[in-house]
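Visitor: Sharing a structure, written as structure tokens. Questions coming.
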Amino acid sequence: MLFKNAGDGLRALRPLVHLLVPLCVHWIAEEMTVSVLVDVLIDALCPGDTTCSEVIYFNGLEQTIAGVFKMFSIPILGQLADEYGRKPVLLVIISTSVFPFAMLAWDQSRGFVYAYYVLRTISYILSQGSIFCISVAYAADVVETGKRASAFSWITGLYSASHVLGNLLARFLPEKYIFDVSIALLLCCPIYIYFFLRETVNYGPRQDQESTWSTRIFRGVSKRYRSMRDAAIIVIRSQTLRGISIVSFFYQLGMTGISNVLLYYLEAAFGFTKNQYSEILIVVEAGSIVSQILVLPLVNPLVGEKVILCVGLLASIAYALFYGLAWASWVAYLSASFGVIYALVDPATYAIISKASSSADQGKAQGFIAGIQAIASFLSPLAMSPLTAWFLSDNAPFNCKGFSIVCASVCMVLSFVFACLLKPEDWSSQNSDQDNIEDQEAPLLCSSTG
């Protein structure tokens with residue numbers, strides 16, 4: 001039975017091949033810059049120092065600004081993907097990552113670092129969160145409901161595998177070539193999508209070709225407002241979608257805060273180098289590959305998405321506490337090992353949202369909840385960046401350099417509590433009676449989204 005489930009999961013991936021290939025390359029290209037980026041930014045803004053409060057504040061400002069705009073951009077991009085197709089939206093958002101790294105490949109002086117922050121913020125607004133959102137909607141278009149959890153786990157598992165490969169490239173490539181190789185890989189992604197990815201949404205020709213620009217703008221704004229209102233209604237009316245929104249908010253609030261400051265905390269507390277950063281990230285992602293690609297597809301039919309979500313959230317609490325209270329460098333590696341389990345949170349969340357949404361509303365539901373996560377991404381740095389800088393400085397009220405990470409663990413505890421209260425629902429089973437009554441309309445709805 002278990003091997004049959006694994007085989008079904010692999011067969012479910014066939015329609016996703018031309019989506020997963022460019023996504024993997026994109027993630028590899030971005031991840032290979034992470035460990036070296038810390039050194040580049042600190043050298044440019046605080047030459048000769050091992051820690052730099054300016055970099056921490058700039059990263060917090062970047063995440064805050066991106067978080068503000070992502071509240072609106074991700075739901076809108078999800079709506080556009082439902083209306084105009086997944087492929088054109090993916091082409092636009094995946095292309096934005098090229099420009100910030102081009103700045104650092106050109107020059108790594110202070111001025112170019114500032115330009116990098118500006119372009120990276122714009123890129124985050126358009127692509128951070130929305131790539132996953134639209135990819136999950138694409139998968140929901142081509143994979144049947146019962147196999148979506150396996151498909152989503154493969155997407156997130158390949159995301160982790162890409163991170164491992166990216167970190168390995170960062171370890172063995174000379175630093176002066178990292179940004180050049182990253183840009184070359186990033187450029188390949190939109191080219192591949194353009195030529196090979198099949199569109200799954202059928203949409204009619206536009207009817208306002210003869211309208212004036214002012215009329216088009218008014219109609220566009222009105223349409224976006226109505227779409228956002230409809231997406232909000234879809235989430236509010238569903239008990240499951242309301243619950244998973246709260247779970248996602250608190251989880252993202254805590255995890256975003258940790259990820260934004262973790263590398264700077266490890267460098268200040270334990271003197272971690274670029275290679276040690278890579279080792280930590282490889283430990284997390286390697287475990288994630290196993291749990292998401294091998295374990296989740298086998299376990300999900302037995303226990304369901306809610307149990308997997310709760311177990312993952314428990315692991316995230318342990319992950320945060322061990323990091324925040326780490327008393328030696330080896331404890332950081334122990335904490336990273338919990339990535340094997342908490343990596344299951346994202347695919348379980350996507351599966352719960354997808355099951356509770358109709359085929360025509362996949363992009364809207366995923367996008368709206370991703371927008372809620374963006375609110376958490378906006379709020380988290382407001383507290384985490386100054387709190388981390390304070391406890392890493394000589395003016396800390398007491399000796400606990402990871403105190404901000406301990407505080408972040410409280411958010412994961414709240415997320416776990418709400419997850420335990422969650423009652424997952426299946427939209428298709430809830431609406432089976434309506435589908436029987438509207439027998440002739442359902443095939444039209446499926447064909448418009450698949």
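Visitor: Counting pairwise Cα distances across the stretch 253-409, what percent come out greater than 21 angstrom?
Guide: Tail of P(r) above 21 Å: 52 percent of Cα pairs.
Visitor: Follow-up. Which peptide among 88-94, 250-256 comes first, and what is the full order, when sorted by highest mean count of other Cβ atoms within 10 Å? Before the final figure, lay out each step's value.
Guide: Details: 88-94: 21.1, 250-256: 24.7.
Answer by packing, highest mean first, reads 250-256, 88-94.
Visitor: Starting at the first residue of the stretch 157-165, write each ³J(HN,Hα) from the Karplus equation 6.51 cos²θ - 1.76 cosθ + 1.60 with θ = phi - 60°, in whole Hz, x for Gly and Pro.
Guide: Result, ordered by residue: x, 5, 4, 5, 4, 5, 5, 4, 5 Hz.
Visitor: If you roll a 1.4 Å probe over the heavy atoms of the protein chains, what accessible area per residue do you get for the stretch 55-104, in Å²? Numbers along the way, then the final one.
Guide: Values: 1550 Å² over 50 residues.
For the stretch 55-104, the per-residue accessible area is 31 Å².
Visitor: Accessible area of the stretch 261-368 with a 1.4 Å probe: how many percent of it is carbon plus sulfur? Could the numbers behind the result be given before it?
Guide: Numbers: 2410 of 3380 Å².
Carbon and sulfur atoms account for 71 percent of the accessible area of the stretch 261-368.
Visitor: If you don't mind, another one. Please tell me which of these pairs span more than 18 angstrom C-alpha to C-alpha: K355/K423; K306/K364; K70/K423; K306/K423; K147/K423; K70/K364?
Guide: Values: K355/K423 12 Å; K306/K364 22 Å; K70/K423 28 Å; K306/K423 8 Å; K147/K423 20 Å; K70/K364 14 Å.
Where the Cα-Cα span goes over 18 Å, the pairs concerned are K306/K364; K70/K423; K147/K423.
Visitor: If you average the sequence gap of Cα pairs under 8 Å that are 6 or more apart and divide by the length of the stretch 313-383, what percent do you get for the contact order? Before the final figure, lay out each step's value.
Guide: Values: 33 pairs, mean separation 17.2, N = 71.
The value is 24 percent.
Visitor: Whole number in Å², please: accessible area per residue of the stretch 323-416, 1.4 Å probe, ligands, DNA and RNA not counted.
Guide: Details: 3280 Å² over 94 residues.
About 35 Å² of surface per residue is accessible.
Visitor: Which of the chymotrypsin sites (Phe, Trp or Tyr not before Pro) found in the stretch 303-352 are in a DSSP loop and have at most 14 neighbouring Cβ atoms, other than their own, within 10 Å?
Guide: On the way: sites: Y319, F322, Y323, W327, W330, Y333, F338, Y342, Y350; in loops: W327, F338.
Listed in order of number, the matching sites are W327.
Visitor: Rounded to the nearest percent, how much of the accessible area of the stretch 66-211 (1.4 Å probe, protein heavy atoms only) is carbon and sulfur? Display every interim value, and only then the final one.
Guide: Details: 4160 of 6240 Å².
Answer for the stretch 66-211 is 67 percent, counting heavy atoms of protein chains only.
The values are calculated or read from the model by the stated rules, or taken from the named source; none is laboratory data. Computed from a predicted model, the values in this text were never measured in an experiment. Note that each Cβ is placed from the backbone with ideal geometry, even for glycine, and that neighbours are counted across all protein chains shown. Note: areas computed on protein heavy atoms with side chains; ligands, DNA, RNA excluded. Shrake-Rupley method; radii C 1.70, N 1.55, O 1.52, S 1.80 Å.
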